1. What is the Cα centroid distance between the stretch 135-211 and the stretch 52-123, reported in whole angstrom?
2. What order do you get for 57, 64 when you list them from fewest to most C-beta neighbours inside 10 Å?
3. For the stretch 122-207, just say rounded, prolate or oblate: build the C-alpha gyration tensor, square-root its eigenvalues into a ≥ b ≥ c, call rounded for a/c under 1.5, and beyond that prolate if a/b exceeds b/c, oblate if not.
4. Report relative contact order for the stretch 174-289 in percent, whole number only (criteria: Cα-Cα under 8 Å, sequence separation at least 6).
5. In terms of the Cα gyration tensor, with a ≥ b ≥ c the square roots of its eigenvalues, is the stretch 159-221 rounded because a/c is under 1.5, prolate because a/b exceeds b/c, or oblate?
6. I'd like the FRET efficiency for residue 234 and residue 175, computed as 1/(1 + (r/R0)^6) with the beta carbon distance as r and R0 of 22 Å, rounded to 0.05.
7. If I take R0 = 30 Å and measure r between the Cβ atoms of residue 270 and residue 135 in this structure, what FRET efficiency does the formula 1/(1 + (r/R0)^6) give, to the nearest 0.05?
8. Within a 10 angstrom radius of the beta carbon, how do 252, 155 rank from fewest other beta carbons to most?
């Protein structure tokens with residue numbers, strides 16, 4: 001795929017605008033990317049498992065591409081991975097699991113009318129944007145960017161000798177053309193020991209960062225054998241559980257590393273850790289405002 005098409009195609013159905021994405025050096029100058037790229041599967045992968053109010057996305061069923069500088073997995077349709085049954089879960093539009101090699105990254109490109117969240121799982125990711133922000137986000141940080149009426153930014157691996165792995169998450173906002181904003185926050189990992197710690201909400205006064213949407217994110221690290229419940233914050237919302245590490249039972253469903261499960265028409269769900277486990281729970285509206 002032509003590198004100029006990468007982020008533009010990534011906006012398929014997203015309601016956002018993007019431009020050129022290139023691998024970059026730490027200096028910010030573009031470096032060549034192999035034109036004949038391999039990795040995207042043009043045939044939709046394994047069909048998601050469906051029940052009355054549950055959908056399961058196994059890790060092995062995600063869209064995948066490896067460009068050398070970027071090894072990425074897409075839970076929902078993105079770039080050249082297109083599956084009409086996997087466009088979004090409610091207002092959760094993008095859940096990308098990105099691994100970027102040392103000194104490489106995404107060149108400056110625009111977005112609008114999208115809440116964009118980055119959660120580093122390993123390494124250091126440097127962010128620059130048209131508002132003048134230059135920040136490094138690391139493991140145990142969460143970053144949010146409300147693209148609103150329009151913003152440009154770049155993201156690249158701060159280190160030359162180590163990969164960075166981060167989640168790139170896009171949420172449809174409940175307001176359009178808001179003033180763009182940027183925020184990031186360090187999360188105390190001890191607050192996630194055998195409990196869910198809130199890391200994102202609609203309120204500036206709550207724990208974590210905030211976005212323009214009635215959504216709540218929680219993360220937890222659970223020891224083997226620990227059981228807990230997640231209760232929804234707002235009636236009518238759904239929850240999407242993403243297993244970062246380990247194995248769990250969510251309700252009656254066994255989930256492993258990087259498996260995802262969406263659930264709606266419920267007030268809560270019971271979760272049990274079968275191993276040492278790290279979990280991200282995303283509660284989101286099921287309909288766009």
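1. Rounded to whole Å, the Cα centres lie 15 Å apart.
2. Details: 57 24, 64 16.
Fewest to most other Cβ atoms nearby, the residues stand as 64, 57.
3. Numbers: a/c = 2.23, a/b = 1.08, b/c = 2.06.
Oblate is the answer for the stretch 122-207, as a/c is 1.5 or above yet b/c matches or exceeds a/b.
4. Numbers: 262 pairs, mean separation 31.9, N = 116.
Over the stretch 174-289, the number comes to 28 percent.
5. Details: a/c = 2.20, a/b = 1.23, b/c = 1.79.
Cα axes put the stretch 159-221 in the oblate bin.
6. 0.85
7. The calculated FRET efficiency here is 0.20.
8. Values: 252 8, 155 27.
Ranked by crowding around the Cβ, least crowded first: 252, 155.
Bear in mind these aren't lab numbers, they're just calculated from the coordinates by the rules spelled out. In this text the structure is predicted, and so the values were computed from the model without any measurement. Counting neighbours? That spans all protein chains shown, and the Cβs are built from the backbone with ideal geometry, glycine included.
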